[in-house]
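Read the figures in this text as sums done on the coordinates, not as results from a lab. Predicted model only: the values in this text are computed from it and were never measured. Cβ placement follows ideal geometry from the backbone for every residue including glycine, while neighbour counts extend to all protein chains displayed.
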Amino acid sequence: MRTSSWRPKILPLRVFECAVILFDLDGVLVDSTRSVDRQWRMWAKERNIDPERVLEIAHGVRTIEVVRKLARILTLPPKWSG
């Protein structure tokens, strides 16, 4: 049996104090369009759906709503369909 000498690098824990934390969930502070596009494209390709079709309906829409709109063309994996 081979043993590896590789060990993960342990970084020092950074602690900071703050009064609030701001989450940018709507893309106002940080433009996440490219990242969102990339994820939807990957999701579509994994399911053999045209990525452009998904992107036409995905922007500004909750994930669950996109999936609901596409549900009729999604196929279940064999382990779930049976």
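Sorted by mean Cβ packing within 10 Å, highest first, what order do the peptides 64-71, 23-30 take?
Working: 64-71: 12.4, 23-30: 9.0.
Ranking the peptides 64-71, 23-30 by packing returns 64-71, 23-30.
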For this session: Can you check what the net charge comes to around Ala44, using other residues whose Cβ is under 14 Å from the Cβ of Ala44 (Lys, Arg +1; Asp, Glu -1)?
Result: +1
Seminar exercise, completed: Once normalised by the length of the chain, the mean sequence separation of its alpha carbon contacts under 8 Å that are 6 or more apart gives a contact order in percent of 15
Problem set entry | Placed amide H near Ser32: partners under 5 Å, 5+ positions off or other chain | none
Problem set entry | Overall form of segment 33-81 per C-alpha gyration tensor (a/c, 1.5; a/b vs b/c) | prolate
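Using the crude model of +1 on Lys and Arg Cβ and -1 on Asp and Glu Cβ, and no other charge, please compute the dipole size for the chain relative to its Cα centre, in debye to 20.
Details: 15 positive and 10 negative charges, 128 e Å.
Result for the chain is approximately 620 debye, rounded to the nearest 20.
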Seminar exercise, completed: When Val54, Val20 are arranged by how many other beta-carbons sit within 10 Å of their Cβ, fewest first, they go Val20, Val54
